[in-house]
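Rule-based calculations on the coordinates, nothing more; no lab input. All figures in this text were calculated on a predicted structure; none of them were measured in a lab. Glycine gets a Cβ as well: all are built from the backbone with ideal geometry, and neighbour counts include every protein chain shown.
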Amino acid sequence: MSTDRIEKRMVLRALRSRVWRAISDAKEFGTWFRITLDGAFAEGKTVRGSHGHFKVEMLVERIEPERYFSYRWHPYPNDPKVDYSTEPMTLVEFTLEDAEGGGGTALTIVESGFDRIPLARRSEAFRMNDGGWAGQIKNLAAYVT
Amino acid sequence: MSPSRAVPVFVALGDATRLRLLRRLSVDGPLSITRLSRGTGVTRQAITKHLHTLGAAGLVRHARRGRERLWELDRKRLERAKRYLDQISAQWDDAAERLRAFVEN
């Protein structure tokens with residue numbers, strides 16, 4: 001099993017243009033991702049987002065309309081007292097294709113670069129409770145269900 | 001966590017000999033440097049240096065058994081790292097399902 005990447009594939013019963021808008025339009029992205037973003041996505045631009053204590057910065061890397069969208073970020077909720085800005089980021093990539101047999105969109109989401117993140121930090125993030133990763137998961141579960 | 005502590009992990013995983021050492025320790029368990037260097041064409045000194053690099057990154061550790069020093073994977077830390085990845089993976093599953101509901105309705 002790779003420790004460096006997470007990959008998700010799914011077929012959505014929606015037009016490619018619809019899926020593209022949901023991913024590339026910051027407002028729509030924020031709706032399903034459950035995050036409030038402070039601006040539109042554009043190549044090379046940093047968009048800040050928050051959801052309660054959860055704060056992220058997305059560095060938009062590449063936008064190829066209706067085909068590919070990628071950004072970098074720090075993948076886990078973190079301690080607001082610590083500056084993580086110089087640490088390695090992971091790369092998140094959305095790739096859209098027409099689903100086989102027509103009538104749908106095949107979407108692949110890949111997050112990679114975890115091997116560059118310090119192991120000590122990965123275990124630390126996992127251990128943290130209040131306001132940490134475990135707490136975020138719980139919040140997330142509460143919103144989803 | 002300072003960037004200076006991130007560097008060892010990045011360096012440790014970016015070398016073919018060290019990746020082979022990790023795989024060997026993963027398959028064969030704790031081994032001495034003599035056993036680890038046998039048949040590899042890499043000198044004991046070089047293996048020792050690689051093991052210390054992996055050790056500094058928290059990926060392996062050593063223990064003394066009698067007069068021998070044995071090296072082994074630090075499974076606990078590797079396991080924590082894997083569980084962390086599982087959590088992020090589950091988060092993506094949830095986000096992907098919300099995206100599905102969002103575009104299909």
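How large is the direction-averaged shadow of the alpha-carbon convex hull of chain B, in nm²?
Projected over every direction and averaged, the Cα hull of chain B covers 9.4 nm².
Step through the residues of the stretch B:89-105 one at a time and calculate ³J(HN,Hα) from phi using the Karplus curve (6.51 cos²θ - 1.76 cosθ + 1.60, θ = phi - 60°), rounding each to whole Hz and writing x for Gly and Pro.
With coefficients 6.51, -1.76 and 1.60, one gets 4, 5, 5, 5, 4, 5, 5, 5, 5, 5, 5, 4, 4, 5, 8, 8, 8 Hz.
Quick one: net charge around B:Gly39, please, counting Lys, Arg +1 and Asp, Glu -1 for every other residue with C-beta under 13 Å from its C-beta.
Cβ neighbours under 13 Å give a net charge of +4.
Just grab the label-to-label distance for A:Leu15 and A:Glu57, each label 7 Å out from Cα along the Cβ direction, in nm (one decimal).
If labels sit at A:Leu15 and A:Glu57, their model points lie 3.8 nm apart.
For A:Lys8, give me every one of the aspartates and glutamates with a C-alpha distance below 15 angstrom, ignoring sequence neighbours fewer than eight places off in its own chain.
Hits, sequence-local ones excluded: A:Glu93, A:Glu97, A:Glu111, B:Asp86, B:Asp93, B:Asp94, B:Glu97.
Once you put a point 7 Å from the Cα of A:Glu43 and another 7 Å from the Cα of A:Thr108, both along the Cβ direction, what distance in nm separates them?
2.1
Can you run phi through the Karplus equation (6.51, -1.76, 1.60; θ = phi - 60°) for the stretch B:45-57 and list ³J(HN,Hα) in whole Hz, with x for Gly and Pro?
4, 5, 4, 4, 4, 4, 5, 5, 5, 5, x, 5, 7
Using alpha carbons only, how many angstrom separate the centre of the stretch A:41-67 from the centre of the stretch B:39-96?
33
Give the average, rounded to an integer, of partner chain Cβ atoms located within 10 angstrom of each Cβ in A:12-23.
3
For the stretch A:23-39, take each phi angle, set θ = phi - 60°, evaluate the Karplus expression 6.51 cos²θ - 1.76 cosθ + 1.60, and give the result in whole Hz per residue in order, putting x for glycine and proline.
Listing the rounded values in order: 9, 8, 8, 4, 5, 5, 4, x, 5, 7, 7, 6, 8, 9, 9, 8, x Hz.
Counting only Cα atoms, I'd like the Rg/Rh figure for the stretch A:5-115, Kirkwood definition for Rh.
0.99
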